[in-house]
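The next block holds one structure in the form of structure tokens; read it before the comments.
Only the coordinates and a few stated rules stand behind these numbers; no lab work does. Model, not experiment: these values are computed from the prediction. So basically every Cβ, Gly included, is an ideal-geometry build from the backbone, and we count neighbours across all protein chains shown.
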Amino acid sequence: MNPPTPTKVLFVCMGNICRSPAAEIIFDQLVRDHGKSSEFVIDSAGTLGFHSGKAPDHRMQASLVRRGYRVFGTSRKIHAHDLANFDHILVMDSHNEWEVCQLDENGEHRHKIRRLTSHCREHQIDHVPDPYSGSKRDFEDCVDLIEDACRGLFTDLTKNE
């Protein structure tokens with residue numbers, strides 16, 4: 001009997017240096033903490049390739065490290081083939097959603113694309129605000145929101161087990 005195919009999850013923001021790598025890192029930690037690493041493939045990307053090859057923003061890294069996360073990854077741009085390769089594509093805001101949907105010319109992958117905040121349990125907000133031009137507090141608030149959404153996402157993806 002073959003092992004089950006892993007669930008493939010892609011997090012997307014604009015530059016792939018703040019929100020989406022944070023979501024990848026946080027969701028990866030949740031998956032590892034629950035002993036389910038073999039059941040998931042987790043990645044992140046940006047709608048722009050401006051920061052390709054760069055590590056997460058140093059301010060986001062600091063917020064994540066303060067909470068005990070292992071920081072990893074380098075920025076990359078999302079491509080149309082990602083829509084076919086991933087089962088779940090979680091975007092951070094309406095602009096990211098629009099950009100990703102533009103890659104789905106035939107609309108065949110639209111059902112996979114949704115906002116990460118749709119999985120929030122504690123916060124009532126329809127997007128993850130971009131902290132890039134903000135303060136340390138904005139990065140902390142962003143991580144709070146992403147943690148809530150990632151916990152909800154993990155619950156939603158594993159509830160039938």
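For Asn160 and Ser52, the FRET efficiency from 1/(1 + (r/R0)^6), where r spans their Cβ atoms and R0 equals 30 Å, is about 0.25. Computed 3J(HN,Hα) for the stretch 111-122, one whole-Hz value per residue from the Karplus formula 6.51 cos²θ - 1.76 cosθ + 1.60 where θ = phi - 60°, is 5, 8, 9, 8, 7, 4, 5, 5, 9, 5, 10, 9, glycine and proline marked x. Among Phe72, Phe86, Phe154, a tally of other beta-carbon atoms within 10 Å of each Cβ gives an order, fewest to most, of Phe72, Phe154, Phe86.
The distance from the alpha carbon centre of the stretch 1-66 to that of the stretch 75-152 is 11 Å, rounded to a whole number.
Dividing the convex hull volume of the alpha carbon atoms of the chain by its residue count gives 119 Å³ per residue.
To the nearest 20 debye, what charge dipole does the chain have about its Cα centre, counting +1 at the Cβ of each Lys and Arg and -1 at the Cβ of each Asp and Glu?
440 debye
May I ask you to compute the full-extension gain from Ser94 to His123, defined as 0.36 nm times their residue separation minus their alpha-carbon distance, rounded to one decimal in nm?
Values: separation 29, 0.36 × 29 = 10.44 nm, distance 1.72 nm.
Taking Ser94 through His123 to full extension adds about 8.7 nm, to one decimal.
In terms of other Cβ atoms within 10 Å, Asp141, Asp126, Asp93 run from fewest to most in the order Asp126, Asp141, Asp93.
The simple spin-label model puts a point 7 Å past each Cα toward its Cβ; for Gln102 and His34 those points are separated by 3.4 nm.
Within the same chain, lysines fewer than 8 places from Lys112 are excluded, and of the rest, those with a Cα less than 16 Å from its Cα are Lys8.
To the nearest 20 debye, what is the magnitude of the charge dipole of the stretch 87-161 about its Cα centre, counting +1 on the Cβ of each Lys and Arg and -1 on the Cβ of each Asp and Glu?
Working: 9 positive and 18 negative charges, 34 e Å.
Dipole size: approximately 160 debye.
Give me the log10 of I(q) over I(0) for the stretch 18-70 at q = 0.15, 0.28, 0.30 Å⁻¹, as the Debye formula computes it from C-alpha points; what are the numbers? Computed log10 I(q)/I(0) values: -0.45, -1.12, -1.19. In terms of surrounding Cβ atoms within a 10 Å radius of their Cβ, Glu105, Glu24 rank from fewest to most as Glu105, Glu24. From helices alone, the chain scores -12500 deg cm²/dmol at 222 nm; the rule is -39500 (n - 2.57) for each run of n ≥ 4 DSSP H residues, then divide by the residue total.
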